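Here the structure comes first, spelled out in structure tokens, and everything after it is commentary.
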Amino acid sequence: LVIAYLLSERLGSPLRTLARGTRAVAKGDFSQMPMLKSRDELGVLIQSFNRMTRQLSDAREQVAQNHQQTEQAKAFLERVLANLSSGVVVLDEGLRIRTMNSAAAHILGVEAAVLDAQPLTGLGRADEALHAFGTTVAARFGEHAGEWQEQIDYAGHGGSQSLLLRGTRLPSGVERGYVLV
């Protein structure tokens, strides 16, 4: 009976350690790596578990690092766009406004938040100048696969002004969409 107990402890202890490590990994804790110096199947299993845990930990660190770099790049780009005197409007594939800088909102005489996620063809139905602007820009993006440039007269809330518009499709590999300056 004592021998059976000792054998069960010898076999069960590594399995309990592995189970604790598995529960820790399931909770996101990659630091608990069980150690067992054995060349049998259980030892190979624990070594594989530890290797997998290290790889998961490294991948998590890489994702966190990439996320931080992306956030820093986004914040930098937002600061640059906010300080441009030229209006910049970014559109998605369906020609809905994704974002615009404050200069674009000022030029169009609207609040940027009001136009967020609005389709170009539906802009300012009550505002004839804004609606005509959106329809014109949408038509140009529909006519040109690449870059285009056009000068238009815009009679928005700030008075009549002549705008030089430049539009282009965002390069593939990034999110699909368009940029209007």
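Here is the figure for the stretch 79-132: residues that are open to solvent by 40 Å² or more (accessible area, probe 1.4 Å), over 18 Å from residue 175 (Cβ atoms), outside any loop (DSSP other than H, G, I, E, B) and in contact (Cβ under 8 Å) with a residue 40 or more places away in the chain total 2.
Within the stretch 21-34, being surrounded by 12 or more Cβ atoms within 10 Å (Cβ to Cβ) and either over 42 Å from the mean Cα position of the chain (by Cα) or not small (Gly, Ala, Ser) (or both) holds for 22, 25, 29, 30, 32, 33, 34. Residue count for the stretch 49-78 under the criterion of being within 24 Å of residue 169 (Cβ to Cβ) and of a type outside the set (A, V, I, L, M, F, W, C): the result is 3. For the stretch 142-149, the condition holds for no residue, the condition being that it is charged (D, E, K, R), open to solvent by 70 Å² or more (accessible area, probe 1.4 Å), more than 30 Å from the chain's Cα centre (by Cα) and at pLDDT 90 or above.
Going by the structure shown, is residue 39 open to solvent by 100 Å² or more (accessible area, probe 1.4 Å), over 41 Å from the mean Cα position of the chain (by Cα) and among the charged types (D, E, K, R)? Judged against the criteria, residue 39 is a match.
None of 21, 28 is more than 30 Å from residue 101 (Cα to Cα) and not in a helix (DSSP H, G or I) except 28. With respect to the conditions (1) in a loop (DSSP other than H, G, I, E, B); (2) open to solvent by 100 Å² or more (accessible area, probe 1.4 Å), residue 69 falls short on a single one, namely (1). Quick check on the stretch 166-181: of everything there that is among the hydroxyl-bearing types (Ser, Thr, Tyr) and either open to solvent by 30 Å² or more (accessible area, probe 1.4 Å) or modelled with pLDDT of 95 or more (or both), which residue is nearest to the chain's Cα centre (by Cα)? Ranking the qualifying residues of the stretch 166-181, first place goes to 172.
With respect to residue 57, determine if the residue is touching a residue at least 12 places away in the same chain (Cβ under 8 Å), hydroxyl-bearing (Ser, Thr, Tyr), part of a loop (DSSP other than H, G, I, E, B) and open to solvent by less than 70 Å² (accessible area, probe 1.4 Å).
Numbers: touching a residue at least 12 places away in the same chain (Cβ under 8 Å): yes; hydroxyl-bearing (Ser, Thr, Tyr): yes; part of a loop (DSSP other than H, G, I, E, B): no; open to solvent by less than 70 Å² (accessible area, probe 1.4 Å): yes.
No: the conditions fail for residue 57.
The values are calculated or read from the model by the stated rules, or taken from the named source; none is laboratory data. Remember, it's a predicted structure, so these values are computed and weren't measured experimentally. Neighbour counts are summed over all protein chains in view; Cβ atoms, including those assigned to glycine, are modelled from backbone coordinates with ideal geometry. Just so you know, the surface numbers come from the protein's heavy atoms only, side chains and all, with ligands and any DNA or RNA stripped out. Shrake-Rupley method; radii C 1.70, N 1.55, O 1.52, S 1.80 Å.
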